[in-house]
Amino acid sequence: MTYIAPSLLAADYAHLADEIKKVEDAGANYLHLDIMDGAFVPNISFGPELVASIRKTTQLIFDVHLMINDPIRYVDRFVRAGADMITFHVESTDDPEAVIRAIASHEMRVGIAISPKTPIEAILPYLPKLSQVTVMTVEPGFGGQELMMPMLDKVRLLRRYAMEHGLKLDIEVDGGVNPDNVGYCTGAGANVIVAGSAIFKSKKPRSVIFGMKESAKLNPFLG
Ligand code: DX5
Ligand code: ZN
């Protein structure tokens with residue numbers, strides 16, 4: 001099954017509750033929440049208070065993507081705000097094991113994200129402890145960029161590695177995904193699809209999400 005995770009970064013912030021309802025009604029599975037600190041990435045988004053507010057408006061699974069330095073400082077805050085899973089960047093901490101432990105101590109799904117310049121070897125040791133890996137298909141920091149196709153090689157290698165090692169791993173692609181290229185992502189082995197602009201900026205989000213799910217069915221990972 002492929003999960004569609006609209007990224008709130010592309011929503012109209014003046015009407016958040018309506019925007020979230022729109023994608024929930026349109027068939028989204030997760031709500032992807034991009035947390036940016038203006039230091040790890042050159043942009044600032046929103047924090048745990050906003051997450052806590054929108055938590056009351058929706059049943060969607062909250063997929064929190066931390067793009068912040070030293071993420072362990074904020075794990076508890078995002079747990080209390082209503083995260084269902086928390087993903088941090090392997091590049092953002094000296095001690096990924098400690099961050100994994102901190103997230104897992106809340107019985108929460110743990111994810112690690114890798115930026116385009118980071119090779120997959122940087123995260124292989126942690127895979128047995130993870131529920132999800134996020135392969136960044138753009139430089140983190142901004143929505144609306146173009147998907148970097150070479151990143152799908154990382155997805156392919158990770159999917160093969162997970163299968164060979166008997167790991168049950170969700171692989172998420174994040175950045176520049178749209179109905180035209182989503183098939184390449186699922187064909188490479190991704191099963192969680194983040195899409196900000198493609199869904200929130202569309203007048204027909206239901207068709208976009210439906211189209212992505214259909215395309216995923218037609219393009220399964222074949223090895
Ligand atoms: C980028 C974020 C992405 C981004 C995706 O740093 O992690 O989640 O919002 O947006 P689109 O789909 O517009 O590239
Ligand atoms: Zn993201």
Query raised in the report: Can you list the HN-Hα couplings for region 210-218, worked out from phi with the Karplus curve (6.51, -1.76, 1.60; θ = phi - 60°), rounded to whole Hz and with x for Gly and Pro?
Result: 4, x, 5, 5, 5, 4, 5, 5, 6
Query raised in the report: Which FRET efficiency, nearest 0.05, do Arg77 and Met148 yield, Cβ-Cβ r, R0 41 Å?
Result: 0.85
Report summary line: Once amide hydrogens are built 1.01 Å from N within the peptide plane, the residues lying 5 or more places from Phe40 or on another chain with amide H under 5 Å from its amide H are Asn69
**Report entry** Top of Pro42, Pro71, Pro140 by mean-square fluctuation, Gaussian network on the chain, Cα under 10 Å
**Finding:** Pro42
Requested in this report: Enumerate the amide H contacts of Gly196 below 5 Å, restricted to partners 5 or more residues apart or on another chain; note that Pro and chain-start residues carry no placed amide H.
Outcome: Ser7, Gly176, Val177
Query raised in the report: Tell me, what is the percent relative contact order of the chain, built from C-alpha pairs under 8 Å that lie six or more residues apart?
Result: 21
Report summary line: Of 166-174, 11-19, ordering from highest average Cβ density within 10 Å down gives 166-174, 11-19
Query raised in the report: Taking a point 7 angstrom from the Cα of Tyr13 along the C-beta vector, which residues in region 34-67 have backbone N less than 14 Å away?
Result: 34-38, 43-51
Query raised in the report: Per-residue ellipticity at 222 nm for the chain, helices alone: DSSP H runs ≥ 4 residues times -39500 (n - 2.57), over residue total, nearest 500 deg cm²/dmol?
Result: -9500 deg cm²/dmol
Query raised in the report: What ³J(HN,Hα) values, in whole Hz, does the Karplus curve 6.51 cos²θ - 1.76 cosθ + 1.60 give for region 50-57 when θ = phi - 60°, with x put for Gly and Pro?
Result: 5, 4, 5, 5, 6, 4, 6, 9
Report task. May I ask for the distance between the Cα centers of region 83-142 and region 172-223, given as a whole number of Å? Result -> 21
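Read the figures in this text as sums done on the coordinates, not as results from a lab. Computed from a prediction, not measured in an experiment: that's the story for all the values here. Positions of Cβ are backbone-derived with ideal geometry, glycine not excepted, and every protein chain shown enters the neighbour counts.
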